[in-house]
Amino acid sequence: MSPSSLTTRLVVALAGALAVLALVLGLGGAWLIHGVVERSGDRVLAGSVGAIAETLALEDGELTLDLPPAAFGMLENAEHDNVYYAVRHQGRLVTGYADLPFAEHVPPRDTVAFRYEAFRGQSVRIATVSRLIPRLKGAVVVQVAETLQARDALRARMVGGLALLEGALLLGAALAARPALRWGLRPLARSRALVEEKARAAPVELTALPLAPVPSEIRPFVEAVNALLARLEESTVRMRRFTGDASHQMRTPLAVLRMHLALALRPEATEAERAAALRDVEGATLSLERLLTQLLALVRAEERGALPALQRVELNGAVAQVTADFVPQALRARVEVHFEGHASEVFVRADPVLVREVVGNLLDNALRYHRPGGLVAVRVVCVDAVPWLEVEDNGPGIPPEERERVFQRFHRLPRDQSQSGSGLGLSIVRSLAEHMAAEVVLRDGREGVGLTAAVRFQSWPTRA
């Protein structure tokens, strides 16, 4: 069976279920037919033995009976079953077949009992009734036996008819199943057509599929497709934005590279001019390298999608290590860096790689836009059992009305336009923090001077 054919799978599943149901119904029908045939045959046999018993009488001290023709006529049938009878009084045969098996237990008076016996090489059904005759001591037992050809023939005809009807039902269901399933699966075909139409569109159409005409059985599937389309649309928008931002931001360093390379390659340029041009080329190259690095970091942060597997991270050690890595940059910028850890270990729910990226970007921003001789303090503190990372500088700070805007990509304060940088650092910090369910806030420094960038982490729960 091809796994790609949903119709075939459904037809096979329905056919199997119908076959099992037909088998169960057939067995149940055969049992019911057996009961009906038994009851109808026994009713006629009871009428025959009752008719004989009604003629029993005592005349001149002798037991007499008159065998009415109707008693055996009602047992006549097309299969010509043999009929046997016996009348006994106190175990003595009055009339009939002496070798007809006698009942071991005589039924109560006027009650007809039925049983199967083997008689003269055939199976017979025997009806037995006992009667009390006035002035006659003891009960008279009347037995009538009939062979089973008529019963078996009737049972076979009824079971055969049931089998034919079930076979016709299964055949009809098998013939009607495929077109019926195709009709039932039309909504799925319409959804497929919509997806194909979106794939053929130029540009590719990524809007959600309509849910109104979708049956409830495939609605979760269409909702999953819509979720995938939404993520594709989001990724496409991010890629377009990244391409546009990257091309826009790289124009300036590339223009600087072309201009200074042209200056360095002029035949009439002096050695000093060439050396100055090459230094400018080096600066533009470093600026371009940093821009590309931060753009890629931002794309990776935005492409993470779901939250990473957060784990137990000791914040003091992670922040101290990153702060130590930035000491050479602080020395070049002539900025003093202090690290103030918490008195005890601070465990947070975070990702160690993302924590290092967050601390690194905050430190890089604080050092890059600071003045020589300034101070940057990196702290790990706990306020009401909530762990915080603080990066504070005593520089010019950021006006309150600009503090939300600086988290936008490529947004830079007017005063910083002459500084090297891309305006991506805080965007990367916020994106990475959100992936750790952390929060980033900007506020004034502790002394009312400068800026503090603070990140509130989730505390790792301590065991009781």
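I want the local charge near residue 218. Using Cβ-Cβ distances under 14 Å, sum +1 for each Lys or Arg and -1 for each Asp or Glu among the other residues.
Values: positive: 186, 190, 192, 219; negative: 217, 223.
With Lys, Arg at +1 and Asp, Glu at -1, the neighbours total +2.
Note the full-extension length gain between residue 285 and residue 20 as 0.36 nm times their separation in residues minus their Cα-Cα distance, in nm to one decimal.
Details: separation 265, 0.36 × 265 = 95.40 nm, distance 7.65 nm.
My answer for the length gained is 87.7 nm.
Using 0.36 nm per residue, how much length does the chain from residue 30 to residue 278 gain when fully extended, once their Cα-Cα distance is taken away? Mind showing how you got there, number by number?
Details: separation 248, 0.36 × 248 = 89.28 nm, distance 10.15 nm.
Answer, rounded to one decimal: 79.1 nm.
Mind listing the phi-derived Karplus ³J(HN,Hα) values for segment 130-139, rounded to whole Hz, using 6.51, -1.76 and 1.60 with θ = phi - 60°, and x for any glycine or proline?
Calculated HN-Hα couplings, in order: 10, 9, 9, 9, x, 6, 10, 6, x, 8 Hz.
Kindly state, to the nearest 0.05, the FRET efficiency for residue 312 paired with residue 449, given R0 = 25 Å and r defined as their beta-carbon distance.
My answer for the efficiency is 0.10.
May I ask you to list the trypsin sites (Lys or Arg not before Pro) in segment 94-176 that are in a DSSP loop and have at most 14 other Cβ atoms within 10 Å of their Cβ? Let's see the in-between values first.
On the way: sites: 109, 115, 120, 125, 131, 135, 137, 151, 155, 157; in loops: 109, 120, 135, 137.
When the trypsin sites (Lys or Arg not before Pro) of segment 94-176 are filtered for loop state and at most 14 Cβ neighbours within 10 Å, 109, 120, 135, 137 remain.
What list of ³J(HN,Hα) couplings, whole Hz, do you get for segment 158-165 from phi and the Karplus terms 6.51, -1.76, 1.60, once you set θ to phi - 60° and write x for glycine and proline?
Calculated HN-Hα couplings, in order: 5, 5, x, x, 4, 5, 5, 5 Hz.
Which net charge results for the neighbourhood of residue 403, defined as the other residues with beta-carbon distances under 13 angstrom from its beta-carbon, given Lys and Arg at +1 and Asp and Glu at -1?
Neighbourhood net charge equals -1.
Please list, ordered by chain and number, the residues whose modelled amide H lies under 5 Å from the amide H of residue 64; skip anything fewer than 5 residues away on the same chain.
The answer is 57, 58, 59.
Return the loop-located GluC sites (Glu not before Pro) in segment 137-233 (DSSP other than H, G, I, E, B) with at most 12 other Cβ atoms within 10 Å of their own Cβ; answer none if there are none.
Answer by residue number: 217.
Label 7 Å along Cα→Cβ of residue 375; segment 326-356 residues with amide nitrogen under 13 Å?
336-340
Scan around residue 82 for amide H atoms under 5 Å from its own, H built in the peptide plane at 1.01 Å from N, and keep only partners 5 or more places away or cross-chain.
It is 147, by chain and number.
Roughly what would the spin-label model give for residue 164 and residue 327, points 7 Å off Cα along C-beta, in nm?
Modelled inter-label distance: 10.2 nm.
Taking θ = phi - 60°, what integer Hz values does the Karplus form 6.51 cos²θ - 1.76 cosθ + 1.60 yield along segment 342-351, in sequence order, with x for Gly and Pro?
6, 4, 10, 5, 10, 9, 10, 8, 7, 10
Please work out the Cα convex hull volume for segment 172-212 and give it in Å³ per residue.
Here the figure is 61 Å³ per residue.
Within 12 Å, Cβ to Cβ, of residue 82, how many net charges do the neighbouring residues add up to if Lys/Arg are +1 and Asp/Glu are -1?
Overall, the nearby charge balance is -2.
We did not get these values from a lab; they are worked out from the coordinates using the rules stated. For clarity, every value in this text was computed on a predicted model and none was experimentally measured. No Cβ is skipped: glycine too gets one built from the backbone with ideal geometry, and neighbour counts run over all protein chains shown.
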